[in-house]
Amino acid sequence: MSTIIDGKKISEMVRQEYAEEIKRLAGMGVVPGLAVIIVGDDAPSKIYVRNKGIACQQVGIHSEIIEMPEETEQSELIEKIQQLNERKDIDGILVQVPLPKHINPEVVVASISPDKDVDAFSEINVGKIMIGRQRFLPCTPAGVIELLKRYNIEISGKECVMVGRSDIVGKPMAMLLMQNDGTVTICHSKTKNLAEITRRADILVVAMKKSRYIKADMVKPGAVVIDVGMNRDENGKLSGDVDFDEVSKVASYITPVPGGVGPMTITMLLKNTITAAKHNHGIE
């Protein structure tokens with residue numbers, strides 16, 4: 001059986017470390033500030049935003065949740081972001097997605113100051129990741145790297161396969177694995193003979209939005225399997241992209257869903273907010 005990578009446990013440990021760092025900053029008169037904007041009444045988004053606020057409170061980050069109605073015009077949203085860009089007490093700005101259909105998310109992200117873009121979604125911050133000079137890392141891929149390091153799982157020289165090529169997870173995840181000296185293959189919906197490629201992986205990261213798609217015969221014995229998927233099965237039960245019951249019998253390490261990668265995403269948002277505060281106040 002696999003060793004289960006406990007994201008909840010690691011997240012709690014890392015947040016304690018961040019709380020100590022925030023105490024150090026407070027002694028210098030700096031309190032990191034995060035503003036989260038939510039437009040509309042999407043129920044999952046509201047839960048996620050609330051959890052972000054709770055996490056900030058736990059470690060000592062000042063947080064503001066700004067709720068705007070569904071009918072908010074794009075120009076109104078951008079004006080609010082520009083106000084936050086100017087505020088000295090706000091170090092990070094995050095706009096919760098999905099946004100209403102009449103609002104262009106690319107335009108919204110571009111209006112956030114790159115120095116306050118704690119999601120690392122802007123073209124400038126994405127470009128910095130490509131050349132390895134990033135200040136912020138996208139939260140979910142950064143959480144995966146943190147989990148691997150905390151479990152002393154070596155990335156350097158390993159065959160790494162990323163299943164999924166989204167801008168939020170797949171592409172930046174591949175870049176971070178490469179930055180850590182992994183040899184990376186990216187697979188996607190047009191990839192032929194997917195199982196042949198996934199069976200080569202020493203580290204297999206899956207983010208494809210297909211419930212329990214990856215089976216044991218698609219995994220190399222002893223591989224490390226990271227499941228980024230978050231789906232609801234036919235019974236409404238939360239499941240990942242990996243068939244945990246099957247794959248846990250052949251993998252050396254595996255993340256569960258829930259309780260694996262998920263808890264690390266918000267934790268990395270806290271890290272980015274602290275990093276932003278240091279930069280914005282000239283602290284190293």
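The values are calculated or read from the model by the stated rules, or taken from the named source; none is laboratory data. As the structure is a prediction and not an experimental result, all values here were calculated from the model. Don't worry about glycine lacking a Cβ; one is built from the backbone with ideal geometry, like all the others, and counts go over all protein chains shown.
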Condition test on GLU154, is it of a type outside the set (Ser, Thr, Tyr), modelled with pLDDT of 95 or more, outside any helix (DSSP H, G or I) and surrounded by fewer than 23 Cβ atoms within 10 Å (Cβ to Cβ)? yes
Which of the residues spanning the stretch 157-172 are over 21 Å from MET218 (Cβ atoms), of a type in the set (D, E, K, R) and not in a loop (DSSP other than H, G, I, E, B)? LYS171
Kindly indicate which of ILE203, ILE168, ILE197, ILE155 is within 27 Å of ILE131 (Cα to Cα), touching a Gly at 6+ places or on another chain (Cβ under 6 Å) and among the β-branched types (Val, Ile, Thr). ILE155
May I ask you to list the residues in the stretch 228-261 that are within 24 Å of GLN16 (Cα to Cα), among the small types (Gly, Ala, Ser) and buried (at least 21 other Cβ atoms within 10 Å of the Cβ)? GLY260
The number of residues in the stretch 151-184 that are of a type in the set (Ser, Thr, Tyr) and within 16 Å of the chain's Cα centre (by Cα) is 1
Can you name the residue in the stretch 114-137 that is over 16 Å from MET178 (Cβ atoms) and under 14 Å from the mean Cα position of the chain (by Cα) and is also surrounded by the fewest Cβ atoms within 10 Å (Cβ to Cβ) among such residues? ASP119
Can you find a residue in the stretch 136-151 that is in a helix (DSSP H, G or I), of a type outside the set (D, E, K, R) and under 20 Å from HIS279 (Cβ atoms)? yes
Here are the criteria: (1) closer than 21 Å to ASP117 by Cα; (2) at pLDDT below 95. Tell me which single one SER63 does not satisfy. (2)
Selection within the stretch 119-135 - assigned to a helix (DSSP H, G or I) and not hydrophobic (A, V, I, L, M, F, W, C): GLU123, ASN125, GLY127, LYS128
If you check ILE37, ILE54, which single one turns out to be of a type in the set (Val, Ile, Thr), closer than 26 Å to GLY262 by Cα and crowded, with 21+ Cβ neighbours inside 10 Å? ILE37
Any chance the stretch 88-107 includes a residue that's polar (S, T, N, Q) and either in a helix (DSSP H, G or I) or on the phi > 0 side of the Ramachandran plot (or both)? no
Residues that are closer than 27 Å to ALA120 by Cα, in contact with a Leu (Cβ under 8 Å, 6 or more places away or on another chain) and in contact (Cβ under 8 Å) with a residue 24 or more places away in the chain: does the stretch 233-252 have at least one? no
